[in-house]
Amino acid sequence: MSFLVDVGNGERIRSEGHCSKVKFEMQGVEFEVDFHILDFSGANAGLAVQWLEKLGKIVTDHKALTMEFTYRRQPIKLVGAQNILPKPTQSIHLQSRIFTSP
């Protein structure tokens with residue numbers, strides 16, 4: 001199944017495939033999720049809304065870069081990297097996302 005994904009820099013990229021029930025570990029927690037293969041740089045994986053909604057209630061602290069939720073009946077707290085500076089977004093990309101409909 002192929003589809004288009006809007007990414008943070010304003011581009012739209014097409015999925016290149018699908019991998020079901022991929023097991024991976026993040027901060028000592030093993031997850032099993034479906035992945036759609038996307039050709040983008042800057043990250044090893046992106047969290048999609050479909051995965052996040054399966055987690056139920058999520059408490060995020062954007063200043064502390066934490067994300068807390070319950071997974072497999074266990075409380076989980078993920079902590080983001082503190083030393084990565086965000087790259088500025090070009091205004092043309094922001095305008096296109098604000099003023100165009102999908």
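Numbers for the structure displayed
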{"item": "Long pairs among LYS23/LYS54; LYS57/LYS77; LYS21/LYS54; LYS21/LYS63, criterion Cα-Cα beyond 20 Å", "result": "LYS21/LYS63"}
{"item": "Whole-number D in µm² s⁻¹ for region 4-83, Kirkwood Cα-pair radius fed into Stokes-Einstein, 25 °C, 0.890 mPa s", "result": "171 µm²/s"}
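Bear in mind that the values in this text are calculations on the coordinates, not laboratory data. Everything quoted here is computed from the prediction, not taken from an experiment.
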